[in-house]
1. Kindly identify region 135-206 as rounded, prolate or oblate by the Cα gyration tensor criterion: order the square roots of the eigenvalues as a ≥ b ≥ c, call it rounded if a/c is under 1.5, otherwise compare a/b with b/c, prolate if a/b is larger, else oblate.
2. Could you calculate the contour length gain from residue 183 to residue 88, that is, 0.36 nm times the residue separation minus the distance between their Cα atoms, to one decimal place in nm?
3. Which value in nm describes the separation of the simple spin-label points at residue 195 and residue 44, placed 7 Å from the Cα toward the beta carbon?
4. Starting from the Cα of residue 291, step 7 Å along the direction of its Cβ; do the same at residue 232; then give the gap between the two resulting points in nm.
5. I'd like the FRET efficiency for residue 249 and residue 272, computed as 1/(1 + (r/R0)^6) with the beta carbon distance as r and R0 of 51 Å, rounded to 0.05.
6. How much length is gained if the chain between residue 300 and residue 18 is pulled fully straight, taking 0.36 nm per residue apart and subtracting their Cα-Cα distance, in nm to one decimal?
7. Which value in nm describes the separation of the simple spin-label points at residue 155 and residue 31, placed 7 Å from the Cα toward the beta carbon?
8. What does the extension gain come out to for residue 258 and residue 140, with contour length at 0.36 nm per residue minus their alpha carbon separation?
């Protein structure tokens, strides 16, 4: 069977490693292995949201379709849409079973058994799906530390606000880890910089450290992306998102350059405000400055939409 998204085993394995997936996830999703029951992070998860394919990111199941089958694997009585999954009959272990896979990339998800609610078929699987992602909670988690920082500054001072930002970021990362059982590289870098620059701010009683932290972060991102694309000849954006956004290579190159420019711009703007304006003005900039990434992401979405490759029907 031919799928819309095609990669070699080596490419899938590298992609899953970049995502921080468990080592067994490759064997489960690409070679139909099975993890032990009652060992996965999703089995008892009751949060609202959408489960996605761990390989290509395609939405697969709504959490509302999840139920407790008592098997030790998360179970769903229907996919999120008719085109979300595909099926095939296999004869493994001398019995006929209906295997279920991602319709876009063919990642193995599990098998259908006739024991769902009201006799609806249930899909039992685990490592073929990625973390549960309630979008409202993600937005709230992203914004909460800076909101607490802003409030603490208005009621106290920059040093109390810095301590609140550090504590808020630690809590934010702990919640993300509880939801996903992993922290991305960007999460770890952000947490590390906030703790290091925040500690320097408090110990040395010098607010310049926390004010220049965003400039250091954005500058590092710009340099990292630039070195990757022009020295290492690697496009990190495509490596991270290529399975979810089927874009032509020239578009990926332009997006990479756009992100280098955006990160450099944000580094310069934050540095300028930190150097030439008051601390109060800089704190206000931290809040309304969220308009910059919002505008950039919206513009990026408008730009890439016409270039997304049209879906091709799967061939048996």
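1. Numbers: a/c = 3.09, a/b = 1.50, b/c = 2.06.
Taking the square roots of the gyration eigenvalues as a ≥ b ≥ c, region 135-206 is oblate.
2. Details: separation 95, 0.36 × 95 = 34.20 nm, distance 3.45 nm.
Full extension of this stretch gives 30.7 nm more.
3. Spacing of the two 7 Å Cα→Cβ label points: 2.7 nm.
4. 3.6 nm
5. Using R0 = 51 Å, I get an efficiency of 0.90.
6. 99.2 nm
7. About 5.5 nm, to one decimal.
8. Here the answer is 39.8 nm.
All of the numbers you see were taken from the coordinates with simple rules; none came from a lab. Note that this is a predicted model, so its numbers are computed, not measured. Counting neighbours? That spans all protein chains shown, and the Cβs are built from the backbone with ideal geometry, glycine included.
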